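One structure is given below, encoded as structure tokens.
The values are calculated or read from the model by the stated rules, or taken from the named source; none is laboratory data. Nothing here was measured: the structure is a model prediction, and the numbers come from that model. Neighbour counts run over all protein chains shown; Cβ positions are idealised from the backbone, glycine included.
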2 protein chains.
Amino acid sequence: MTDRNRLIYLPLGGAGEIGVNAYVYGYGPVDQERLIVVDLGVGFPDMDGQPGVDLILPDIRWLAERRDRIDAIFITHAHEDHVGAVGHLWGQLRAPIHCRAFTAIHARRKMEEAGHSAEHVHVAPVWPARVEVGPFNVQFAPVSHSIPEASALVIDTPAGRVVHSGDFKIDRAPMVGEPFDEELWRQIGQDGVLAYICDSTNIFQRHPGRSESQLPDPIGALIADAKGMVVATTFASNLARLKTLADAGVANGRSICLMGRAMKRMVTAGEEAGVLMGFPRTLTPEEAQDVPRENLMLIVTGSQGERRAASAALSRGSYLGHELSEGDMFLFSSKTIPGNEVSVGRIKNALAEKGVDVIDDSHGFYHVSGHANRPDLEAMHDLVRPRILIPNHGEYRHLREHAQLALAKGMEGIIAPNGAMVELSGNSPRIVEYIDVAKIYLDGATLVGALDGVIRDRMKLALNGLVAVAVIVDEDDVLLEDSWVALRGLPELSGKGDDLADMIEEELASAMTRFDAKTVNDDDRLEEAVRRVVRNLCLVEIGKKPEVTVLIQRLMAA
Amino acid sequence: MTDRNRLIYLPLGGAGEIGVNAYVYGYGPVDQERLIVVDLGVGFPDMDGQPGVDLILPDIRWLAERRDRIDAIFITHAHEDHVGAVGHLWGQLRAPIHCRAFTAIHARRKMEEAGHSAEHVHVAPVWPARVEVGPFNVQFAPVSHSIPEASALVIDTPAGRVVHSGDFKIDRAPMVGEPFDEELWRQIGQDGVLAYICDSTNIFQRHPGRSESQLPDPIGALIADAKGMVVATTFASNLARLKTLADAGVANGRSICLMGRAMKRMVTAGEEAGVLMGFPRTLTPEEAQDVPRENLMLIVTGSQGERRAASAALSRGSYLGHELSEGDMFLFSSKTIPGNEVSVGRIKNALAEKGVDVIDDSHGFYHVSGHANRPDLEAMHDLVRPRILIPNHGEYRHLREHAQLALAKGMEGIIAPNGAMVELSGNSPRIVEYIDVAKIYLDGATLVGALDGVIRDRMKLALNGLVAVAVIVDEDDVLLEDSWVALRGLPELSGKGDDLADMIEEELASAMTRFDAKTVNDDDRLEEAVRRVVRNLCLVEIGKKPEVTVLIQRLMAA
């Protein structure tokens, strides 16, 4: 029984959250399955959850421990939440990476930045060509999304065909890249699909999705009416949108200037991969300074309110020689990702203070989503016709809603959040094992586990402030009554107006005379005793119990 | 010239932000104006901007310095962003408070909690009765909003009539409280209005607002279809909504149980003030345990995802003897305030994990806003017919949009953000002075200025982590080469796996032998030298420059 072959699916990131995508498929005898990895993405930290952290990475310990069983890593597309962790994590996996040409440009850069050879990244041919690795036969089936060369993976195994949807929408005229190909999908479905692992981002959007091709007209009309400078922001990777924006600018007699490193990098990559054709000539920010503002259009990074991006810089003041003023227009050709509302709002307000007219997508004219809405998801279900549907790329509520839809439509729907290993090859899909998955944080140059306590400690410092206390135990094991106190993130004065650090030192001087030898001779006891004195005093004097760090210095006889 | 009388308007909070409302009107000779205060509200801190802070209060230093000129404080309604700071700040102002009966219940409680007498709160009669204070003649004109007895203030002065809109919407059937009275507003406008200071919250909402009376049918239909327990959440102060929810529950054979302190307090206050009639009988959580789940409806606090409220508690597990499970329904009869998306999403996901069906307002059936949308604002402009319109209760972009609308309609529109003192009595309104206004944070039991650096320091700790170092300079002014190091919010091990605290102690031992006497004998220099060593080492070893606190202990000869 244990050496029968089975087909498994294991999400390590991206199922139960939007971002940090990392999925595993395996085929073979139990615990000896050959493995492939699909996507290695990152997530972006915030002050609320991961202060000071640079990036959120998926927890791949399970994979790293089974490194010798990994045949390949496949990347579906070049968004950071799918490719961003490749450089940071490849060293633990060391398997060949397969992806399409545009994605490969980004994957290779990330490998090189992390000190790995770019040669581990292989450009995969598109459907119907196959990449054969171990027991897996993988085809990159083009889908429309908000970045060029996004792909679903059609994974044929001895146990049947699995389709991994990748991020997708149904767009028959995506402006840049391959349009949705209904016939191709019908064909994929006709051969019989065991399981469809499917994007759930927009499951709650009940209207059919809109096409990128619906944008040029309203955006053109908007720019035609603009009197001053026009600035537009969107995701740098959305090359179709960049082209729509730039073309609309040119059609209205404006020169185009791209601002933000990611913006230029993406356009260059698009041209290099041959997916972006006919992008208008652009000026450097310096050249653009000579262009009258009514003839200029800036296309800039920072649509999510990122503090260091061009949008934020322009909202604060002059940036690369350009400054916005009364009568200019700023277009958010983008949706604000939940959690970013406050930072985006900050930029809008700062622009309003400059007299800039801010146009956003609140009326739905200037942006379309890159993910399939509910009716489009249903259309895909009907083409792919899987026996099993497993929702991914969604928070838990998205997964649940999508699984319920699948059940209602007669498929076997199952909710598999991160860490839930599903056996697909049995009579019906079931979760056969739960793997512990936390998150890993890239923090400066080190990797910190989400459960290591480091980040939790930072949050405690931020919420409570800190009192650092140094006490000295002399050569004769006598605790000196003097202590030294420093405050961080706390008011200098108590509610009554006294110096708080002085008060703590006085209180300690008096309390420490009462500490017994057992306390003085034991670091843990002494630390706890000092902490209690400090916290109790602070509660009385400032109404807060701060964090307390005690440095105990035991002097040695010379 | 300097002793001519003038009429001024000065927002101290709420203009350039949504929340923390505090406005001043003054009449009299320049710098001798008699003053009234309208609203003293609070704002709610978040980890991103004010970690550890309990409440955000308006900066009333300007007012406190002119305390003898304040004739009265008026509170328009009982929402926390209008009345919440009354207890915390009254001690600095000490003027009588006027508000309507329902608001007075809340204002009195806040006064008592802060140790002030509730007798300073006076119940004001409604229009056409007047409260005469100094040169001001003030009438409370009822408006519809999402709380009972919300009022605009009609302020007659020797320089003319000013109307302070308060928070309002146009609702001709608000279910609880006074319906919108068009005739009353026509009358207010007919007497001639100099200036209208007007709510701008929903200026970007282009469709006419909807009435509270549109909700009972869809909410009733939803509950009729529910199979398991029904839980609904909304703002506790929205008594109309609480009644609609409770009535719909009762009509469908369910017993009602209120959970959350604010919920019970609001219903009691509504009954006490005589504004809430016929609220169904409620069960205590304990009594409700005996009711079969299909016959029970909980109405609970925490619609904004507050971690300690009933909604969050129920999403996590059992709360007051009740636990949600598969087939139950949870209705958010509320809008998520920008910035709260992530916390609300966390609750929705936790509920989905329990198998609960979550219904929110994404389709607009189960919630209506308490603020006037653009067409309703225009309707009010046309009734009040002011010469000057000054937008308030909005972020800068709302104020700008509303002022532009006013200009387009032939009014004199002016943007006056917090601190901008506007003279209303001249030929045309103009900003005559800018007052420095920051924010004040209630932090435990002390008040901390937003610019004091305390909160900034907390954020630095959270972003960078902290190294605390204790060094000893002995009786002979010799720096001991031993130092003691403690880490907070930093990984214990370097990227290479060495103990970081040990490495820092070793590096300091070696570096400190090279410090010259000038450095050792000067606290600032010594601290800076130690800090530099620590930060440089950490940058190399963990890729981060932490905060460093240095405790220098200079031992005295005995």
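Tabulated data
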| read-out | value |
| --- | --- |
| Residue that is surrounded by the most Cβ atoms within 10 Å (Cβ to Cβ) [pool: residues in the stretch B:326-352 that are at the interface with chain A (Cβ under 7 Å from one of its Cβ atoms) and in a loop (DSSP other than H, G, I, E, B)] | B:Gly339 |
| Flag if A:Val86 is touching a strand residue (DSSP E or B) at 6+ places or on another chain (Cβ under 9 Å), without any contact (Cβ under 8 Å) to a residue 60 or more places away in the chain and of a type in the set (Val, Ile, Thr) | yes |
| Helices (runs of 4 or more DSSP H) within the stretch B:193-295 that include 3 or more residues assigned by TED's automatic domain parsing to the domain that holds B:Phe330, crowded, with 21+ Cβ neighbours inside 10 Å and at pLDDT 95 or above | B:239-251, B:261-272 |
| For A:Asp474: the one exception among (1) within 9 Å of chain B (Cβ to nearest Cβ); (2) touching a Leu at 6+ places or on another chain (Cβ under 6 Å) | (1) |
| Considering residues of the stretch A:477-513 that are part of a loop (DSSP other than H, G, I, E, B), more than 27 Å from B:Asp48 (Cβ to Cβ) and within 12 Å of chain B (Cβ to nearest Cβ) only, the residue nearest to the chain's Cα centre (by Cα) | A:Ser494 |
| Restricting the stretch A:362-378 to residues that are surrounded by 18 or more Cβ atoms within 10 Å (Cβ to Cβ) and assigned to a helix (DSSP H, G or I), the residue that is nearest to the other protein chains (Cβ to nearest Cβ) | A:Arg374 |
| Residue within the stretch B:125-137 that is more than 30 Å from B:Ala445 (Cα to Cα), crowded, with 23+ Cβ neighbours inside 10 Å and over 19 Å from the mean Cα position of the chain (by Cα) present | yes |
| Candidates A:Val138, A:Val143, A:Val126, A:Val133 - the one that is in the same structural domain as A:Gly16 (by TED's automatic domain parsing) and either out of contact with any strand residue (DSSP E or B) (no Cβ under 6 Å at 6 or more places or on another chain) or closer than 27 Å to A:Gly410 by Cβ (or both) | A:Val143 |
| Count - residues of the stretch A:1-32 that are in contact with a Phe, Trp or Tyr (Cβ under 9 Å, 6 or more places away or on another chain) and outside any strand (DSSP E or B) | 2 |
| The listed residue being modelled with pLDDT under 95, small (Gly, Ala, Ser), surrounded by fewer than 16 Cβ atoms within 10 Å (Cβ to Cβ) and not assigned by TED's automatic domain parsing to the domain that holds A:Arg531, out of A:Gly426, A:Gly497 | A:Gly426 |
| Some residue of the stretch A:303-317 being at pLDDT 95 or above, touching a helix residue (DSSP H, G or I) at 6+ places or on another chain (Cβ under 6 Å) and not assigned by TED's automatic domain parsing to the domain that holds A:Ala240 | no |
| Test: residue in the stretch B:101-121 that is surrounded by fewer than 23 Cβ atoms within 10 Å (Cβ to Cβ), among the basic types (Lys, Arg), within 21 Å of B:Arg265 (Cα to Cα) and in contact with a strand residue (DSSP E or B) (Cβ under 8 Å, 6 or more places away or on another chain) | yes |
| Boolean, A:Gly355 is under 24 Å from B:Gln404 (Cβ atoms) and in a helix (DSSP H, G or I) | no |
| Positions within the stretch A:514-553 being closer than 22 Å to B:Thr549 by Cβ and either small (Gly, Ala, Ser) or more than 14 Å from chain B (Cβ to nearest Cβ) (or both), in sequence order | A:Glu528, A:Ala529, A:Arg532, A:Val533 |
| Hits in the stretch B:168-192 - residues which are farther than 30 Å from B:Ser333 by Cα, surrounded by 16 or more Cβ atoms within 10 Å (Cβ to Cβ) and among the small types (Gly, Ala, Ser) | B:Gly189 |
| Check on A:Ser146, in contact with a Gly (Cβ under 9 Å, 6 or more places away or on another chain), on the phi < 0 side of the Ramachandran plot and not charged (D, E, K, R) | yes |
| Options B:Ala468, B:Ala462; residue that is closer than 21 Å to B:Pro51 by Cβ, at pLDDT 95 or above, in contact with a Phe, Trp or Tyr (Cβ under 9 Å, 6 or more places away or on another chain) and at the interface with chain A (Cβ under 10 Å from one of its Cβ atoms) | B:Ala468 |
| The stretch B:438-448, residues that are in contact with a Lys or Arg (Cβ under 8 Å, 6 or more places away or on another chain) and either among the aliphatic types (A, V, I, L, M) or closer than 23 Å to B:Gly419 by Cα (or both) | B:Ala445 |
| Sole residue being buried (at least 22 other Cβ atoms within 10 Å of the Cβ) and assigned by TED's automatic domain parsing to the domain that holds B:Thr513, chosen from B:Val469, B:Val454, B:Val437 | B:Val469 |
| Yes/no for A:Ala406 being within 21 Å of A:Asp81 (Cβ to Cβ), crowded, with 21+ Cβ neighbours inside 10 Å, hydrophobic (A, V, I, L, M, F, W, C) and more than 9 Å from every other protein chain (Cβ to nearest Cβ) | no |
| Criterion violated by A:Ala445 - all others in (1) under 22 Å from the mean Cα position of the chain (by Cα); (2) surrounded by fewer than 20 Cβ atoms within 10 Å (Cβ to Cβ); (3) away from chain B (no Cβ under 14 Å) satisfied | (3) |
| Extreme residue, nearest to the chain's Cα centre (by Cα), among residues of the stretch B:324-361 that are aliphatic (A, V, I, L, M) and closer than 30 Å to B:Glu17 by Cα | B:Ile337 |
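Yes or no, residue by residue, for (1) in contact with a Leu (Cβ under 8 Å, 6 or more places away or on another chain); (2) more than 18 Å from B:Val154 (Cα to Cα); (3) within 14 Å of another protein chain (Cβ to nearest Cβ); (4) at pLDDT 95 or above:
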site	(1), (2), (3), (4)
B:Tyr9	yes, no, no, yes
B:Tyr25	yes, no, no, yes
B:Pro29	no, yes, no, yes
B:Val42	yes, yes, no, yes
B:Leu55	yes, yes, yes, yes
B:Trp62	yes, yes, no, yes
